[in-house]
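The values are calculated or read from the model by the stated rules, or taken from the named source; none is laboratory data. All of these numbers come straight from a predicted model, not from anything done at the bench. Neighbour counts run over all protein chains shown; Cβ positions are idealised from the backbone, glycine included. These area figures cover heavy atoms from the full protein model, side chains too; ligands, DNA and RNA do not enter into them. Shrake-Rupley method; radii C 1.70, N 1.55, O 1.52, S 1.80 Å.
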Amino acid sequence: MRTATLAYGATSSTAPLGPLTIERRAPGDLDVAIDILYCGVCHSDLHTARGEWGGTQYPSVPGHEIVGRVTATGALVSKFQVGDLVGVGCMVDSCQHCQPCGDGLEQYCENGFTGTYNGPEQGTGANTFGGYSAQIVVRENFVLKITHDAGSLAAVAPLLCAGITTYSPLRQWSAGPGKKVGIVGLGGLGHMGVKIARAMGAHVVLFTTSADKRDDALRLGAHEVVVSKNADEMAAHANSFDLIVNTVAAPHNLDAFLALLTLDGTMTLVGAPGSPHPAPNVFSLIMKRRRLAGSLIGGIRETQEMLDFCAQHGIVSDIETIRMDEINDAYERMLKSDVRYRFVIDMGTLQTTP
C-alpha cells in the first residue's frame with residue numbers, strides 16, 4: 001500500500017520545479033513515518049534537478065536536509081515514538097552487511113548507499129524522493145534524534161548535510177586545541193566548518209576571495225581571515241596548518257593551499273566542482289609529506305554525534321527561510337552566492353502553494 005503525497009520537484013532537466021504528487025510506501029515494521037517541517041536547500045539539489053551530474057531520474061524531488069515530526073512507527077521500531085522531533089540526512093538506507101556499513105560508515109557502502117533522493121531504493125531499485133515534500137518514510141536506522149530547542153528547528157536542518165560534511169573531516173583529522181585549521185570558502189559548508197572547528201577548540205583561519213566577508217567570518221568564530229587573492233596574506237601562513245578543509249565547489253589552484261600545510265599536514269576536499277581541479281604539483285606534496293584527501297558526508301553514528309555536539313554547543317546554521325514556491329528563485333540566487341548562508345524551506349507553505 002502506498003500513499004499519495006504532495007511534493008515539489010522537476011519533471012526534466014530544463015523544467016522549473018513545481019507541484020507534484022508522489023507516492024510514499026506505508027511504514028513497514030522497521031520504518032518511521034515523518035511529517036516534514038523544514039528542508040534545507042543544498043547545491044546538490046540544484047545539480048540533481050538540472051541533471052548536471054548525470055543519472056537523474058525524473059520526476060526528481062530533491063531535499064536531504066530534513067527536520068520533521070514522527071507520525072507513525074513500525075511494529076519493531078524501538079528508537080522513536082510518535083511526536084519525536086527527528087532528522088533525515090543524505091542517506092535513507094545501505095546494504096547493511098559490507099564492512100563499511102558494519103563500521104558505521106554507510107556513506108562508503110561497498111554496494112552503494114541509497115540517497116534520500118535519486119535512489120535507487122535497496123531491493124526494489126525504485127527511485128527515491130527527497131524532502132521537498134509533505135511526508136517521508138525512512139528506515140529506523142537512518143533516522144536521527146533532534147535535541148536542539150524546538151524554536152531553532154529550521155536552522156538545524158542544514159546540519160544534516162552542511163554540518164556533517166564539515167564535522168566529519170574535522171573529527172577524522174583531530175581538529176582541536178593546539179591545532180591550526182583552515183576553512184576555504186564561506187558558504188553553506190564553510191560557515192558551518194568555521195563554527196564547528198571553533199567549538200572543537202582549534203585555531204581557525206577562514207580563507208575567502210571576498211574581503212567583504214571578513215567581519216562575518218570573525219562573527220562566526222574565525223580567529224583570523226585571509227583573502228586568498230592576496231599573496232602577502234597567504235605567504236604569512238606558509239607551512240603552518242595541520243588541517244585545511246576546502247569547501248569550494250569550483251575548480252581552483254590547490255597548490256596555493258597545499259603550500260600552507262605543515263609537515264604531515266592534510267587538506268581534505270569536501271566541495272564537488274562540476275569539472276576537475278588543476279592537478280597539484282607533486283612537489284607540493286612530497287617535500288613536506290603532505291596529504292591531499294577527500295571526505296563524503298558522514299555515517300549515521302557520526303551524524304548523530306555531530307547533532308548532539310552542535311546541540312551541546314548551541315550551533316545551528318545561519319539561514320534564510322523561504323516558501324516552497326520561492327525555490328526556483330532561490331536556485332538562481334545560490335548560483336550568484338546570494339545567500340548567507342543556507343536557504344531552508346518552511347514545508348508548511350507546501351500545502352498553500354498554488
- Screening Leu296, Leu350, Leu307 for residues that are under 30 Å from Val143 (Cα atoms), of a type in the set (A, V, I, L, M, F, W, C) and part of a loop (DSSP other than H, G, I, E, B) leaves only Leu296
- Note on the structure: Per the filter on region 205-216, residues open to solvent by less than 30 Å² (accessible area, probe 1.4 Å), aliphatic (A, V, I, L, M) and either under 20 Å from the mean Cα position of the chain (by Cα) or at pLDDT below 95 (or both) are Leu206
- Listed by first then second residue, the pairs whose first member lies in region 109-130 and is assigned to a strand (DSSP E or B), whose partner is among the hydroxyl-bearing types (Ser, Thr, Tyr), with beta carbons under 7 Å and at least 6 positions apart or on separate chains, are Thr114/Ser94; Thr114/Thr128; Gly115/Thr128
- Message: For region 217-264: of the residues being small (Gly, Ala, Ser), under 22 Å from Gly176 (Cα atoms) and under 24 Å from the mean Cα position of the chain (by Cα), which is surrounded by the most Cβ atoms within 10 Å (Cβ to Cβ)?
- Response: Ala222
- Query: So which residues in region 169-191 are under 19 Å from Phe257 (Cβ atoms) and crowded, with 24+ Cβ neighbours inside 10 Å, if there are any at all?
  - Reply: Pro169, Leu170, Ala175, Val181, Gly182, Ile183, Val184, Gly185, Leu186, Leu189, Gly190, His191
- Count - residues of region 192-204 that are surrounded by fewer than 24 Cβ atoms within 10 Å (Cβ to Cβ), part of a helix (DSSP H, G or I) and small (Gly, Ala, Ser): 1
